[in-house]
Amino acid sequence: MTSELKDRAAALLDAYRQRGLKIATAESCTGGLVAALLTEIAGSSAVVERGFVTYSNEAKTELIGVPASLIATHGAVSEPVARAMAEGAVAHSYADVAVGITGIAGPGGATATKPVGLVHFGMARKGAATVHLERRYGDLGRETVRQRAVEDALSLLEQALR
């Protein structure tokens, strides 16, 4: 991760620590990169409560309670599933805020309606409405799509403090 991202992560952790808030992540296409970035920062254990890598549909259902029917109806890469991932991460942890990320990093896995580079995010905070963000980065390569998703996840976690 870049030093700029590490600096953002450190500032984010400081802001959460000052407010006494904890974070959880529920990651699919990013495979734990958001949690890894946050935990690179010394003292992150005061803020990062846990991270779920829910790459498979079964993991989404078993670990964070995403209804299998929701995945069957909308697909794993969808707004409803991203929202359910974030809400499930809050419900299955001691976190106050969670981000859920599901997408198609490529090079395969795309369909006509769900192209490579499509990523859905959910951001849940106790006592607040869940926020959704959709990004269509394009077919920029797996590493770039995942990197951009990490950046947007940080932005959502920053937004939760406003």
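The values are calculated or read from the model by the stated rules, or taken from the named source; none is laboratory data. None of these values were measured; they are calculated from a predicted model. Quick reminder, even Gly has a Cβ in these numbers, built from the backbone with ideal geometry, and neighbours come from all protein chains shown. The accessibility values were calculated without ligands, DNA or RNA, using every heavy atom of the protein model including side chains. Shrake-Rupley method; radii C 1.70, N 1.55, O 1.52, S 1.80 Å.
In the frame of its principal axes, region 57-102 has Cα extents of 29, 18, 11 Å, reported largest first.
Modelled spin labels at residue 58 and residue 45, positioned 7 Å past Cα toward Cβ, are 3.2 nm from each other.
What are the GluC sites (Glu not before Pro) within region 49-93 that DSSP puts in a loop, where the Cβ has at most 12 other Cβ atoms within 10 Å?
none
Using Cβ point charges alone (K and R +1, D and E -1), the dipole size of region 48-162 about the Cα centre works out to roughly 120 debye. Ordered from largest to smallest accessible area (heavy atoms of protein chains, 1.4 Å probe), the residues 55, 16 come out as 55, 16. For region 93-107, backbone phi angles converted through the Karplus equation (6.51, -1.76, 1.60; θ = phi - 60°) give residue-by-residue couplings of 8, 9, 7, 8, 9, 9, 10, x, 9, 9, x, 10, 7, x, x Hz, Gly and Pro being listed as x.
Loop-located chymotrypsin sites (Phe, Trp or Tyr not before Pro) across region 73-162 with a Cβ neighbour count of 11 or fewer within 10 Å are 94, with loop assigned by DSSP.
Estimated from the Cβ-Cβ distance and a Förster radius of 35 angstrom, the FRET efficiency linking residue 3 and residue 112 is about 0.35.
Only protein heavy atoms count here; under a 1.4 Å probe, residue 17 has an accessible surface of about 90 Å².
How do 39, 25 stack up against each other in accessible area, from largest to smallest, with a 1.4 angstrom probe?
Numbers: 39 75, 25 5 Å².
Order by accessible area, largest first: 39, 25.
Ordered by 1.4 Å accessible area with all protein chains kept, 132, 120 run largest first as 132, 120.
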